[in-house]
Amino acid sequence: MRKIIILLSIFIIISGCKAKKTIQFCEGVSTTGEGVKCGEIFSAGELTALIKIETPFNINKINVDIYKKGKYKSEKIDSLSVEVKPDDSSAKTNFYFYDEGDFTVEVLGQEKKKIAEGSIKIIEE
């Protein structure tokens with residue numbers, strides 16, 4: 001019983017250190033700033049990523065890295081900078097996905113620390 005409590009405590013600590021899934025992938029954005037046709041599985045094309053974190057960015061640019069998941073490791077396929085206002089805690093950017101597969105998107109803030117991440121799957125129709 002004691003081992004279970006220790007393992008459970010370790011799991012809670014480790015899982016609390018991961019960045020929360022704070023990226024929403026959508027086919028567009030409404031005039032009110034809400035995502036339109038959002039999800040995790042899309043066909044190839046242009047998508048909008050809505051990034052929302054709990055605290056202000058405190059910088060002028062965030063970096064967005066896109067990784068394609070491979071059989072044994074992920075490969076970085078793109079990286080871009082998105083201009084933001086330091087007081088904002090949300091941003092949006094467009095991505096173009098032409099290949100099918102599983103992808104991970106990571107957002108890096110101050111001191112290149114991961115502040116958000118999300119996963120998406122691109123399929124051929």
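A few notes on this one:
- Matching residues in segment 111-125 - criterion: being loosely packed, with under 13 Cβ neighbours inside 10 Å, in contact with a Ser or Thr (Cβ under 9 Å, 6 or more places away or on another chain) and charged (D, E, K, R): E124, E125
- Residue that is in contact with a Lys or Arg (Cβ under 9 Å, 6 or more places away or on another chain), modelled with pLDDT of 90 or more and not β-branched (V, I, T), where the choices are P56, P86: P56
- Selection of segment 25-72 for residues being among the acidic types (D, E) and more than 20 Å from E111 (Cα to Cα) yields E27, E34, E40, E46.
- Search result, residues across segment 40-51 that are at negative phi, assigned to a strand (DSSP E or B) and exposed (fewer than 14 other Cβ atoms within 10 Å of the Cβ): I41, S43, E46
- Residue ID - surrounded by the most Cβ atoms within 10 Å (Cβ to Cβ), chosen from residues in segment 84-98 that are in contact with a strand residue (DSSP E or B) (Cβ under 7 Å, 6 or more places away or on another chain) and of a type outside the set (A, V, I, L, M): F97
- Taking the criterion of being within 21 Å of A44 (Cα to Cα) and loosely packed, with under 14 Cβ neighbours inside 10 Å, the residues of segment 56-73 that qualify are G70, K71.
- Restricting segment 99-110 to residues that are part of a loop (DSSP other than H, G, I, E, B) and surrounded by fewer than 19 Cβ atoms within 10 Å (Cβ to Cβ), the residue that is modelled with the highest pLDDT: E100
The values are calculated or read from the model by the stated rules, or taken from the named source; none is laboratory data. None of these values were measured; they are calculated from a predicted model. Note that each Cβ is placed from the backbone with ideal geometry, even for glycine, and that neighbours are counted across all protein chains shown.
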